[in-house]
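Quick notes on the structure that follows.
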Amino acid sequence: MDSIMNKLRNLDAYPKINEDFYSRTLSGGLITIVSSILMLLLFFSELRLYLHAATETKLVVDTSRGETLRINFDVTFPALACSIVSLDAMDISGEQHLDVRHDIIKKRIDSHGNVIETRQDGIGSPNIEKPLQRHGGRLEHNETYCGSCYGAEASDEECCNSCEEVREAYRKKGWALSSPDSIDQCKREGFLERIKEEEGEGCNVYGFLEVNKVAGNFHFAPGKSFQQSGVHVHDLLAFQKESFNLSHHINRIAFGDYFPGVVNPLDRVHWTQETPSGMYQYFIKVVPTMYTDVSGNTIQSNQFSVTEHFRTADVGRLQSLPGVFFFYDLSPIKVTFTEEHVSFLHFLTNVCAIVGGIFTVSGILDSFIYHGQKAIKKKMELGKFS
């Protein structure tokens, strides 16, 4: 048994030295304090990394198909009235959403940015007070109101009971409504009077669009849009204005849901128009992104980069549609962010490396200083005796 114990003692890699042989120095004390502080700092740094999740980033090819793209927006036009501005969306597949109104709210604001009224799109409801019937007579008390569409009816049974319905019928036909005062519904509802009443007001438009996940564009522009000979145009004649101030503040533009760390470069972007009219264009590259947190919850969203360009109108003649256009294209590469906790064994390994490394380096430094001081002291003593 004693022989076994002796063999175990011979394996001791940490031989003990009698305390009588220890020599404590001032430099050793200073090195001990500095190394202890450094150990504590590195330990707490490693502990913080262990307690917080680390995010791993990967690039993969986006193989998703048949999905939709959600576009969230909040844009303010300080000098464009809500009754004038409209929203359209279209993509390269040929799908078009003209004069979009669902999931969109408009806020009328004054010149100081204060909210006057919050409402969904539309000019208003008709005031049924002896309005003109489709057959030409006036509405009697025992009749059902059916207003004329002024030649834009899709069928003989179609009725246009409000100015908005007449404008919509004209839009579907690809016609411009050049004289709203000649339309009984618009005259009764005070279409032009309302536009004049909102003169000098601004509009905050916010909501979201659900579009196909293909390249396309959406834009805010004055007037109702329609197709004329295959060309996308807006009816600006009804507003009887020569120019439109398209100055705008982009409060928020996002392609998809929020996830931690996302940066939307168009948030809080301001642009002030200095020319009479023109087209402001944003060219956006959308990057599909998947974010997975430590609990395994996944968020499918997008990031994007953007460049911008302003296209002015020629003097005396508009060569471009006045509006704010957002052209977007999708990247074939998807970015994945995955949150992961550092394992305890990895944390323990790093702590041991910190303690052992600092202890070893401190020992080497202390030994170098100690033996250096002894050598200098010895030389000085030899110099005295010589």
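The values are calculated or read from the model by the stated rules, or taken from the named source; none is laboratory data. None of the values given here were measured: they were computed from a predicted structure. So basically every Cβ, Gly included, is an ideal-geometry build from the backbone, and we count neighbours across all protein chains shown. The accessibility values were calculated without ligands, DNA or RNA, using every heavy atom of the protein model including side chains. Shrake-Rupley method; radii C 1.70, N 1.55, O 1.52, S 1.80 Å.
With 25 Å as the limit, write out which pairs from Lys173/Lys196; Lys106/Lys334; Lys107/Lys224; Lys107/Lys196; Lys107/Lys334 have Cα-Cα distances beyond it, or answer none.
On the way: Lys173/Lys196 27 Å; Lys106/Lys334 34 Å; Lys107/Lys224 19 Å; Lys107/Lys196 17 Å; Lys107/Lys334 36 Å.
In this structure, Lys173/Lys196; Lys106/Lys334; Lys107/Lys334 exceed 25 Å between Cα atoms.
Ranking Glu199, Glu56, Glu242 from most to least accessible surface, computed with a 1.4 Å probe over the protein chains only, gives Glu242, Glu199, Glu56.
Give me the percent of Cα-Cα pairs in the stretch 276-373 that sit more than 17 Å apart, rounded to a whole number.
Working: 3531 of 4753 pairs.
Looking at the stretch 276-373, the distances longer than 17 Å represent 74 percent of pairs.
Each residue was assigned an accessible area with a 1.4 Å probe, and for Tyr50 the value is about 60 Å². Of Met380, Met39, Met5, Met279, the order by accessible heavy-atom surface (1.4 Å probe, DNA, RNA and ligands excluded), from most exposed downward, is Met380, Met5, Met39, Met279.
Of the listed residues Leu246, Leu8, Leu321, Leu42, the order by accessible area with a 1.4 Å probe, largest first, is Leu8, Leu42, Leu321, Leu246. What does the accessible area of Glu210 come to, in Å² to the nearest 10, when a probe of 1.4 Å is used? My reading of the accessible area for Glu210 is about 90 Å². Provide the FRET efficiency to the nearest 0.05 for the Ser45-Ile364 pair, computing r from the beta carbons and using R0 = 22 Å. Efficiency computed from Cβ-Cβ geometry: 0.45. Neighbours of Gly216, meaning other residues whose beta-carbon lies under 15 angstrom from its beta-carbon, give a summed charge of -3 when Lys and Arg score +1 and Asp and Glu score -1.
Once the other residues with Cβ under 15 Å from the Cβ of Phe327 are scored (Lys, Arg +1; Asp, Glu -1), what is the net sum?
-2
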